[in-house]
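Every number here is computed from the coordinates shown, using simple stated rules; none is lab data. If you're wondering where the values come from, they're calculated on a predicted model, not measured in any experiment. Positions of Cβ are backbone-derived with ideal geometry, glycine not excepted, and every protein chain shown enters the neighbour counts.
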2 protein chains.
Amino acid sequence: MSYKVVGKPYIRLDAHDKAIGRTKYTDDLCDRGALIAKVLHSPVAHGIVKSIDKSEAEKIPGVVAVYTCFDLKEKHLYPTAGHPWSMDPHHQDHADRLLMTDHPRYHGDDIGAVVAEDEVAAAQAIRALEKNMVIEELPFVLDAREAMKDGAPQIHEHWKNNIIGHTDMHIGDTAKAIAEEKDLIKVETWCKTPTVQHCHIENFLCYAYGEGDGRTVIVASTQIPHIVRRVVGQATGLPWGKFRVIKPYVGGGFGNKQDVLYEPLCAWLSIQLGGRLVKLECSREETFICNRVRHAVEFHMTSWVRPDGTFAARKCEIWSDQGGYVSHGHSIAAKEAGAFPQLYPCDNIDCEAWTVHTNKPAAGAMRGYGMPQASFAWEIHTEEIAEKIGMQPLEFRRKNLMPVGYVHAFSKNELYEDSINQCFDKGAAFIDYYKKYEEYKNQPKGDIRRGIAVSTYWYNTAIYPISLETSSCRMVMNQDGSIQVQIAENEIGQGADTVCAQMAAETLGVTMDKVHVVSCQDTDITPFGTGVYASRGTFVMSFSIRQTALMLKERILKYAHEYVRMPVFNMDIVDNWIIRTTDGRRLMSLEELSSTAIYHMTNSQHMTAESTYTIKSNALSLGACFAEVEVDIPMCRVQLLNIINVHDCGTVINPALAEAQVHGGMSMGIGYALSEKLMWDEKTGRALNNNLLDYKLSSFMDHPRL
Amino acid sequence: MSYKVVGKPYIRLDAHDKAIGRTKYTDDLCDRGALIAKVLHSPVAHGIVKSIDKSEAEKIPGVVAVYTCFDLKEKHLYPTAGHPWSMDPHHQDHADRLLMTDHPRYHGDDIGAVVAEDEVAAAQAIRALEKNMVIEELPFVLDAREAMKDGAPQIHEHWKNNIIGHTDMHIGDTAKAIAEEKDLIKVETWCKTPTVQHCHIENFLCYAYGEGDGRTVIVASTQIPHIVRRVVGQATGLPWGKFRVIKPYVGGGFGNKQDVLYEPLCAWLSIQLGGRLVKLECSREETFICNRVRHAVEFHMTSWVRPDGTFAARKCEIWSDQGGYVSHGHSIAAKEAGAFPQLYPCDNIDCEAWTVHTNKPAAGAMRGYGMPQASFAWEIHTEEIAEKIGMQPLEFRRKNLMPVGYVHAFSKNELYEDSINQCFDKGAAFIDYYKKYEEYKNQPKGDIRRGIAVSTYWYNTAIYPISLETSSCRMVMNQDGSIQVQIAENEIGQGADTVCAQMAAETLGVTMDKVHVVSCQDTDITPFGTGVYASRGTFVMSFSIRQTALMLKERILKYAHEYVRMPVFNMDIVDNWIIRTTDGRRLMSLEELSSTAIYHMTNSQHMTAESTYTIKSNALSLGACFAEVEVDIPMCRVQLLNIINVHDCGTVINPALAEAQVHGGMSMGIGYALSEKLMWDEKTGRALNNNLLDYKLSSFMDHPRL
């Protein structure tokens, strides 16, 4: 299939405005007279609030209102994960949050909130509350495997041994396979990934105000406006339609903003104050611990390998550290467990995964949704196996990779092409892998040594069939034949609007300058969709964009039939013209057609189309990464010399944006591997480095040429 | 037909927010850092600008840019009337405006503009330009009949004798009728109505800024957002889809904002400055003369009446003062002329109407679109006839009123009921007209005397079949079964949103609290419509609201069919429930249906509907007004003692709002009749009282109980 618009590296639609600084983010839109809300966070990792004396805080000039967990008359537990909802209670996310709690589960948990006329008064009031709060400390636990033990502190009553999810999966018969075969080489790997945070540029913030009689508008930096509306409804116990959520431009999310964060509290505060405008902004310090983090995961992997380099049996144990609240919960560890059998298939597999509460910040979605942790563990283990059995590690991988035609049992995703091997070929050639591998293997055993390695991954984008996949689109044609496109798969910095415009232009037959994407989502008017996450944006929006564009095209051609007299099946739209397909002749411009339709005295039509597409498939993405490093062993210093990522992304809608995505991913990967780690004070459970000075975020300066 | 929601006096949807002061108007939304634009107005009533030295103005600190008519490289003439467009050039409004002109046609015409960082710098720059402008004065004319004479100043080259429109209508044979009958009594009336202005609370303002690559957003206090988009495109020569017009809440329009005012200039200024945010706000003084005014009209009416009080022949001449630009042009005088034969039909009628340029501010639409002027003239004439032939004036009217079944030749509007007589009956009884008429007729002939009189009117709302009548609607259902409604017939203070919600709730079968009207129109997303004017809002929106609600209902019931298994034709929606019509049993709540549809794993549907309705009918409205006055003859002082309006409005959607509309109309009528008049300096053509101190606007204090 050949494309005119898709596949071209169009400049982002938002590039110009962002470059000159006039793009409006949430804070740019908030009226300067907004009241300022600040949250009273728990000073202990686990405890029971006994009392809070508000009087000192209330007396501070500029303080408008002070609320604590004891002021919450109606206690509506609500879930926060940015998942589609389900009418089946068994498929609904677990509701374990309160707007404010008297039982804080981590150092930083939300106990109260103040609203003041300015930042200073709000901060003073928070300090006054901290001073006048009586809290009974409870024992706490920071390690997932410790938390599972009998006698560990019970963090939520609901879960036995703090285990909120357990996957237990068996393929074949591992014990029998191990017992039957001789000469098996057993390789065992333990490894752990740290807690990291998304560190998007724009900290989370939102503001809320009353509108009309009893509605509340929430403007938020979120990936999931329609889900925020639902959750705010759940958290306040009010009808969901009483809330309107608006998402302006967003300065990054990476999954953190795929959770509902402080939107419910901010809306509730505004409602308490009769609909006054209240802004709640997280500091960077709060963003680190009071938003979401990436799950720290511990892996124990064992493989029984035959001398020829094939697997006889494999075993994997996964402990995922959920922190104090469920958020996305077990779905991350479950995804890791479910993916384990696929990359290097084996007839006999045991896999167990546990997701466990600890007294740490709640872990949620983060770029890759568990797969970076899993890929890290798998590929370390793979490297160790190759070393132990004395095989070239890339060749060992090639030998065991899932074959073309492999179908994933659950998603029914099929591997259509031998993509990973192709990625291996390209990457190895680019970085001269085989030669360097031999060279470094034989290098002198000095303090400073070099190494080269490869890893691979697979990931299925979007969440079908685990959960609902739906996307909706509306298109509106203007008199000049240009169109607006509305979708809920929103721009959060990743380029969603641009690929949306390309797909719309391609299907409809118009040029890119004729497509205007309505970038700001507003749940009152934007067609329903669940937002952007799970690398789903481009994939899921494509279905409703194409379906809707085809509907609009059909409507246009039917209307044009009256004027150009050609049968609809002999017409098409090419470069903003209605053409005759038999000879390509231009019959009528879209501009003329649209104006004629709008201004027709007896059959006026504003040309629009709108539709929902329920997606029933999924897309595999695959790739490989080659990295060359120099390690100063006594100094524990790793220098990344060279890195290359090779991906099979399917049809690339916009190569420039896809490349930028990969670069961003590599940058985050470098930080994750080499420098980033949230650390905890074992005595208090407090985060030690929840700021951008002490948390060693990977930056431009730390990268080789990507 | 009985209604559940329609016909009830619901409180306005916007009442709460307006009462507590949080409603956002255009100025509330504009960023405080906006650049300020001010217009250089003509200091002469007619002239040719020879030169303007910009250097002094440009040197003023804070001045960003100075533009004059000589900087306009591309001269795109554009029309300003808020009429639907037509693809037929003969039905397009006349384009006679430039953004800035070197040939000012009235004292106040637009010659240049400055953009500065603040109001003070902008005002200084305007004064500097005024000082450094060389302008050749031309003769000017302020009276329409003078302007028609040979040798009068030619205001636009295009029109001979300044006549932009002439209606010449003949029914029967007037000369023959007069010649044939004896005993005819000839009654002749000359009268004139003054120029008045709309005086809405919120002066016109707008702001514009660039968005994306090459688009311009205009936020304006307008009645006609979609028309503004078209005209800004015409005025700048850019594709219409490159503009996006947003209409927030509006503080009144009354037809003034049914013209495109300074939106094109403001958008052009922003474009010149690379898309910077530019605000252009009219002062009250500018609003009076640089926006639009009501046409001053002179009438000459002659009737030949038989002694029995019937008409043998009638003649009417109308001269309408258009001012310096066409704007709505001849359509107002044409409406007056077209309406003349209908109120008191006669077999022999001559009617001529001229619309004529003068060197005064451009006249445009204002409440009633020419009919107040015409009704005033007709009813004065009617009163004089009754007096002359010695008949009781109300009985004389009853004798000659259009009969039930009368069909208007052009619009095909039929008079279905004897409404005017019914209004007469009700009004006369309320004010005790007949008794007071006799009493005052026989009162002593002192300096202070009382009188009572009646007048009537008819008006056809909306503009079919003169021009396109179209309305569009979109409805979006939320998970809780509430809906958003989007229409282009916008809220400008008259209550459009509330009646929209009532009609939507009625047709769909939901309660009022479940309807959320999207009040802010945005041409990027609001279904196409031409705005609110010609008393069309409620009438035209009703068609698309009903059609769209029925589409949405059908879609809901079809989806519900899967769950409740009843045939669609045996179901309906009542009070937010899907019911079985055979026994009224509740089958499923809309909330459950909507959530089920949205979250359905295999058939997810967001329930929306959207449609256009091309209106092919029109509605007559009729009424009568009784007023009782006391006149101090030597002092020329009129005191209004009592006034009552009686209307046939058809089915009233919201009695409280309809009553408020009548009260507002009465207030404007009182001012129009007794105190309001824009006056002109005959030597310079300058307005003498274009401010709210000297212009005697009727206020609350001047009214009796309405």
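The count of lysine pairs in segment B:1-155 that are at least 8 places apart or cross chains, and whose C-alpha atoms lie under 30 Å apart, stands at 24.
Label positions at B:D308 and A:D213, each projected 7 Å from the Cα along the C-beta direction, are separated by 5.7 nm. In order along segment A:519-534, the Karplus-derived 3J(HN,Hα) couplings, from 6.51 cos²θ - 1.76 cosθ + 1.60 at θ = phi - 60°, round to 7, 8, 7, 9, 4, 6, 10, 5, x, 4, x, 9, x, 10, 5, 6 Hz, and Gly and Pro are given as x.
Based on the Cβ-Cβ distance from B:S621 to A:R127, what FRET efficiency comes out when R0 is 60 Å, to the nearest 0.05? Working from the Cβ atoms, E equals 0.35.
Under a model in which nothing but the beta-carbon of Lys, Arg (+1) and Asp, Glu (-1) is charged, chain A shows a dipole of about 860 debye around its Cα centre.
The label point for B:D118 and the one for A:V120, both projected 7 Å from the Cα toward the Cβ, are 2.4 nm apart. For segment B:394-491, the Cβ-based charge dipole about the Cα centre amounts to some 620 debye (Lys, Arg positive; Asp, Glu negative; other atoms uncharged).
Taking every residue in A:521-531, how many Cβ atoms of other protein chains lie within 10 Å of its Cβ, on average?
Mean partner-chain Cβ count within 10 Å for A:521-531: 5.
Once the other residues with Cβ under 14 Å from the Cβ of A:C500 are scored (Lys, Arg +1; Asp, Glu -1), what is the net sum? Charge balance near A:C500 sits at 0. Of all lysines in the structure, those lying under 25 Å Cα to Cα from B:K186, and not within fewer than 8 positions of it along the same chain, are B:K176, B:K315, B:K388, B:K399, B:K441. For A:R565, the distances from its label point to the matching points in the remaining copies are 5.5 nm, ordered from shortest, with each point set 7 Å beyond Cα toward Cβ. Considering only A:G584, A:A45, B:Q484, the residue lying farthest towards the positive end of the dipole of the protein assembly as shown is A:G584, judged by Cα position with unit charges set on Cβ.
The orientation-averaged shadow of the Cα convex hull for segment B:239-345, equal to a quarter of the hull surface, comes to 10.6 nm².
The calculated FRET efficiency for B:Y440 paired with B:E395, based on their beta-carbon distance and R0 = 22 Å, is about 0.85.
Taking each residue as 0.36 nm, the span from B:H703 to B:K388 lengthens on full extension beyond its C-alpha to C-alpha distance by 110.3 nm. Each other copy holds its own label point for B:I48; taking that point as 7 Å from Cα along Cα to Cβ, the gaps run 9.5 nm, nearest first.
Cross-link reach is defined here as a Cα-Cα straight distance under 17 Å, omitting same-chain residues fewer than 8 places apart; for A:K683 the lysines meeting it are A:K360.
Normalising the average separation of contacting C-alpha pairs (under 8 angstrom, six or more residues apart) by the number of residues puts the relative contact order of segment A:345-497 at 14 percent.
Look at where the Cα atoms of segment A:85-101 and of segment A:1-43 average out, and the two centres are 29 Å apart.
Report the paramagnetic label zone for A:S283: residues of segment A:650-691 whose backbone N is under 17 Å from a point 7 Å from Cα along the Cα-to-Cβ axis. Only A:686-691 fall inside the zone, counting backbone N under 17 Å. Here the protein assembly as shown is treated with +1 on each Lys and Arg Cβ and -1 on each Asp and Glu Cβ, and its dipole about the Cα centre works out to around 780 debye. I need the calculated FRET efficiency for the pair A:L550 and A:V574, taking r as the beta carbon distance and R₀ as 22 Å, to the nearest 0.05. With a Förster radius of 22 Å, E is 0.90. Taking every full run of DSSP H in chain A, the ones that stretch at least 24 Å from end to end by Cα along their long axis and average -0.5 or higher on the Kyte-Doolittle scale are A:371-389, A:537-564, A:655-674. Dipole orientation for the protein assembly as shown: of the candidates B:S544, B:P153, B:C649, B:S544 has the Cα lying most toward the positive pole (charges on Cβ; Lys, Arg +1; Asp, Glu -1).
Using a cutoff of 8 angstrom between alpha carbon atoms and counting only pairs six or more residues apart, the relative contact order for chain A works out to 16 percent. By the count of other C-beta atoms within 10 Å, a proxy for reagent exposure, B:C30, B:C500 are ordered fewest to most as B:C30, B:C500. Relative to one another, the C-alpha centroids of segment A:416-465 and segment A:110-136 are positioned 52 Å apart. Taking the average, over residues, of other Cβ atoms within 10 Å as the packing measure, peptides A:46-53, A:263-270, A:594-601, A:316-323 rank A:263-270, A:316-323, A:594-601, A:46-53 from highest down.
Only helical DSSP H runs with n ≥ 4 go in: add -39500 (n - 2.57) per run for chain B, normalise by residue count and round the 222 nm mean residue ellipticity to 500 deg cm²/dmol. Per the formula, -8500 deg cm²/dmol. Listed by chain and number, the lysines whose alpha-carbon sits under 17 Å from that of A:K426, ignoring those within fewer than 8 places in the same chain, are A:K435, A:K436.
Return B:E439, B:E202 ranked ascending by Cβ neighbour count within 10 Å, so the fewest neighbours appear first.
Ranking B:E439, B:E202 by Cβ neighbours within 10 Å, fewest first, gives B:E439, B:E202.
Each of A:E157, B:E379, B:E336, A:E630 was scored by other Cβ atoms within 10 Å of its Cβ. Listed from fewest to most, they are A:E157, A:E630, B:E379, B:E336. Selection among A:Y344, A:P372, A:S621 by position relative to the dipole of chain A gives A:S621 as farthest towards the positive end (Cβ unit charges, Cα centre).
When restricted to Cα atoms, chain A yields an Rg and a Dmax of 27.5, 88 Å, respectively. Mean partner shielding of peptide A:120-131, defined as the number of other chain Cβ atoms within 10 Å of each residue Cβ, is 0. Using a simple spin-label model with pseudo-atoms 7 Å out from Cα toward Cβ, A:E682 and B:K186 lie 11.8 nm apart.
What do you get for Rg/Rh of segment A:182-281 when both radii come from the Cα atoms and Rh is the Kirkwood radius? Present the calculation step by step, with values, prior to reporting the outcome.
Working: Rg = 19.6 Å, Rh = 15.1 Å.
Ratio of gyration radius to Kirkwood radius for segment A:182-281: 1.30.
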